[in-house]
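Enquirer: Sharing a structure, written as structure tokens. Questions coming.
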Amino acid sequence: MKCLLLFFACCSTTVLASNLHQLLDFHEISHINSIQNSWTAGPSKLAFGKFQRRLMRSEHVKPHKSKDILDRKVLETIPESYDVRDYWSQCISIDNIRDQSDCGSCWAVAAAETISDRLCIASNGSINTFVSAEDLLSCCTSCGDGCDGGYPLQAWRYWVKQGLVSGGSYESQYGCKPYSIAPCGQTVNGVTWPKCPAQEEATPECVSHCTSKNPYSSAYEKDKHYGLSAYPVGRKEAQIQSEILQHGPVEAGFLVYSDFYRYKSGIYTHVSGQELGGHAVKVLGWGVENGTKYWLVANSWNINWGEKGYFRILRGRNECGIESAVVAGIPDLTRNY
Ligand SMILES: *[C@@H]1O[C@H](CO)[C@@H](O)[C@H](O)[C@H]1NC(C)=O
Ligand SMILES: *[C@@H]1O[C@H](CO)[C@@H](O)[C@H](O)[C@H]1NC(C)=O
């Protein structure tokens, strides 16, 4: 310990912080990998600057109350494994991973991803777009606190009431309102993005016009896509599966513990570390590996994280609350198309 202290004492604070980080990193990673073999931990590729993406407060992903859950029919036949991408590969959003960057916008990003998929599926591929996370993040005042977190169900309700315009990633500048916060702190597809700012990103300002840097930009109002309904999905495994089979991916909230940041591959279960907050993601299927059941999930920490941006998490045991706060909705195909 003395040695360590001496070593740290002569380093600048940034080097000190990063060395200490690496040491703790190494310790936690070997611990996780030694006590179980369902998933593999490794150093985070979101490593320089801040290695952790911002979360929300745990209350943003509170479990649904039974009285709020509609009694929907569960399908009689549910396949052992299912991946929405195998059936709707023509939908541009279906196999897309987004990047929330240094903003606690997971609630809006996961809603936008899921809504995009559902629009494409419900329209049998004729509405094939990226719905704007930016529109939701910046304009939904009833959703919560923008980059400081929000409520997934409120996001879906906003889609029903106000509609959402198109908008892809910052890099793509796709659609009416692409994401305005650039990726940070990692190298993606050969592009090295700057360190994440020391100051957390502020919630972008809500504007009622298109903001894309692309010369093409449709009229804001004309570009709105609306939902018909928004609802909490039942907490039972079969209810979630039936919802996905009938209408496409769902948005799920869950609790993040520090070991989740180390996830590299496999089927995640919480094994070490403290609860850090809430997170929201897109669930797009399920399967079984070596007898262990899992959900297939898209994260929004870009493609370097986990299994090319995706992760798998234990299914059937409400791991980290992933089955208790699932939300979804149905697109309104009669409005504005
Ligand atoms: C399943 O078994 C294979 C081969 O032994 C192994 O590589 C993989 O990590 C296992 N997966 C899980 C989730 O245990
Ligand atoms: C959906 O689209 C596919 C391919 O474009 C087409 O073959 C199929 O008939 C369509 N289904 C319906 C119900 O319209």
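Enquirer: Take segment 164-189 and flag every residue that is surrounded by fewer than 21 Cβ atoms within 10 Å (Cβ to Cβ) and charged (D, E, K, R).
Expert: GLU171
Enquirer: Could you list, in sequence order, all residues of segment 175-187 that are of a type in the set (Val, Ile, Thr) and over 30 Å from HIS225 (Cα atoms)? It would help to see each step written out before you state the result.
Expert: To start, the set of residues in segment 175-187 that are of a type in the set (Val, Ile, Thr) comprises 181, 187.
Answer for segment 175-187, where residues must be of a type in the set (Val, Ile, Thr) and over 30 Å from HIS225 (Cα atoms): just THR187.
Enquirer: Tell me which residues, restricted to segment 98-139, are surrounded by 20 or more Cβ atoms within 10 Å (Cβ to Cβ) and either within 16 Å of ligand 2 (Cβ to nearest atom) or β-branched (Val, Ile, Thr) (or both).
Expert: Listed by number, the residues that qualify are VAL109, THR114, ILE115, ASP117, ARG118, LEU119, CYS120, ILE121, THR129, VAL131.
Yes/no per residue for (1) of a type outside the set (Ser, Thr, Tyr); (2) over 30 Å from PRO79 (Cα atoms):
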residue	(1), (2)
PRO152	yes, no
GLU171	yes, yes
SER180	no, yes
PRO204	yes, yes
HIS247	yes, no
VAL250	yes, no
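Enquirer: Is it the case, given these coordinates, that LEU276 is aliphatic (A, V, I, L, M), within 16 Å of ligand 1 (Cβ to nearest atom) and touching a residue at least 12 places away in the same chain (Cβ under 8 Å)? Steps first, answer last, please.
Expert: On the way: aliphatic (A, V, I, L, M): yes; within 16 Å of ligand 1 (Cβ to nearest atom): no; touching a residue at least 12 places away in the same chain (Cβ under 8 Å): yes.
When the stated conditions are applied, LEU276 does not pass them.
Enquirer: Please indicate, with yes or no, whether at least one residue in segment 254-268 is closer than 22 Å to GLN154 by Cα, surrounded by 21 or more Cβ atoms within 10 Å (Cβ to Cβ) and charged (D, E, K, R).
Expert: Within segment 254-268, none of the residues are closer than 22 Å to GLN154 by Cα, surrounded by 21 or more Cβ atoms within 10 Å (Cβ to Cβ) and charged (D, E, K, R).
Enquirer: Additional query: So which strands (runs of 3 or more DSSP E) are wholly in segment 273-320 and hold at least 1 residues that are in contact with a Lys or Arg (Cβ under 6 Å, 6 or more places away or on another chain)?
Expert: Result: 275-289, 292-298.
Enquirer: Taking segment 279-305 on its own, how many of its residues are within 16 Å of ligand 1 (Cβ to nearest atom), more than 23 Å from GLY150 (Cβ to Cβ) and of a type outside the set (A, V, I, L, M)? Break it down into steps so the answer makes sense when it comes.
Expert: Just the residues of segment 279-305 that are within 16 Å of ligand 1 (Cβ to nearest atom), to begin with: 285-297.
In the following step, the residues that additionally are more than 23 Å from GLY150 (Cβ to Cβ) were identified as 285-294, 296.
Now drop any that are not of a type outside the set (A, V, I, L, M), which leaves 285-287, 289-294.
Adding up the residues that qualify gives 9.
Enquirer: OK, next. Name the residue that is nearest to GLN246 (Cα to Cα), counting only residues in segment 127-140 that are part of a loop (DSSP other than H, G, I, E, B) and in contact (Cβ under 8 Å) with a residue 60 or more places away in the chain.
Expert: ILE127
Enquirer: Condition (residue is more than 20 Å from LEU296 (Cβ to Cβ), outside any loop (DSSP other than H, G, I, E, B) and touching a residue at least 12 places away in the same chain (Cβ under 8 Å)) applied to segment 231-253: is it met by at least one residue? Step through it out loud before you land on a result.
Expert: So in segment 231-253, the residues more than 20 Å from LEU296 (Cβ to Cβ) come out as 231-232.
Within this subset, residues satisfying the condition of being outside any loop (DSSP other than H, G, I, E, B) are 231-232.
Now drop any that are not touching a residue at least 12 places away in the same chain (Cβ under 8 Å), which leaves 231-232.
There is at least one residue in segment 231-253 that is more than 20 Å from LEU296 (Cβ to Cβ), outside any loop (DSSP other than H, G, I, E, B) and touching a residue at least 12 places away in the same chain (Cβ under 8 Å).
Enquirer: Of the conditions (1) farther than 19 Å from GLY227 by Cα; (2) at pLDDT below 95, THR334 clears all except one; give me its number.
Expert: Checking THR334 against (1) farther than 19 Å from GLY227 by Cα; (2) at pLDDT below 95, the one that fails is (1).
Enquirer: If I filter segment 148-163 for residues that are within 20 Å of GLN52 (Cβ to Cβ), modelled with pLDDT of 90 or more and buried (at least 23 other Cβ atoms within 10 Å of the Cβ), do I get at least one hit?
Expert: Taking every residue of segment 148-163 in turn, at least one turns out to be within 20 Å of GLN52 (Cβ to Cβ), modelled with pLDDT of 90 or more and buried (at least 23 other Cβ atoms within 10 Å of the Cβ).
Enquirer: Looking only at segment 279-323, which residues are among the hydroxyl-bearing types (Ser, Thr, Tyr) and open to solvent by 10 Å² or more (accessible area, probe 1.4 Å)?
Expert: The answer is THR292, TYR294, TYR310.
Enquirer: Taking only segment 98-126 into account, find how many residues are of a type outside the set (Lys, Arg) and within 23 Å of THR141 (Cβ to Cβ).
Expert: Residues meeting the conditions: 17.
Enquirer: Also, quick follow-up: Search segment 64-97 for residues being closer than 30 Å to ILE181 by Cα and hydroxyl-bearing (Ser, Thr, Tyr), and hand back the single one that is most open to solvent (accessible area, probe 1.4 Å).
Expert: Out of the qualifying residues, it is SER89.
Enquirer: For segment 215-225: of the residues being in a loop (DSSP other than H, G, I, E, B) and modelled with pLDDT of 75 or more, which is farthest from VAL160 (Cα to Cα)?
Expert: That would be ALA219.
One line per residue, one yes/no per condition, for (1) at positive phi; (2) without any contact (Cβ under 8 Å) to a residue 40 or more places away in the chain; (3) not in a strand (DSSP E or B):
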| residue | (1), (2), (3) |
| --- | --- |
| SER142 | no, yes, yes |
| LEU153 | no, no, yes |
| VAL160 | no, no, yes |
| GLY175 | yes, no, yes |
| SER180 | no, no, yes |
| PRO183 | no, no, yes |
| PRO194 | no, yes, yes |
| PRO204 | no, no, yes |
| LYS213 | no, no, yes |
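Enquirer: Turning to a different aspect of this structure: Within segment 220-230, work out how many residues are open to solvent by 40 Å² or more (accessible area, probe 1.4 Å) and touching a residue at least 60 places away in the same chain (Cβ under 8 Å).
Expert: Of the residues in that region, 2 qualify.
Enquirer: Just to be sure, is LEU245 under 17 Å from GLY329 (Cα atoms) and either within 16 Å of ligand 1 (Cβ to nearest atom) or of a type in the set (A, V, I, L, M, F, W, C) (or both)? Even if it seems obvious, please write down each step before you answer.
Expert: On the way: under 17 Å from GLY329 (Cα atoms): yes; either within 16 Å of ligand 1 (Cβ to nearest atom) or of a type in the set (A, V, I, L, M, F, W, C) (or both): yes.
Yes.
The values are calculated or read from the model by the stated rules, or taken from the named source; none is laboratory data. From a predicted model like this one, the values you see are computed outputs, not experimental measurements. Ideal geometry is used to build each Cβ from the backbone, glycine not excepted, and the neighbour counts take in all protein chains shown. The area values use the complete protein model at the heavy-atom level, side chains included, leaving out ligands, DNA and RNA. Shrake-Rupley method; radii C 1.70, N 1.55, O 1.52, S 1.80 Å.
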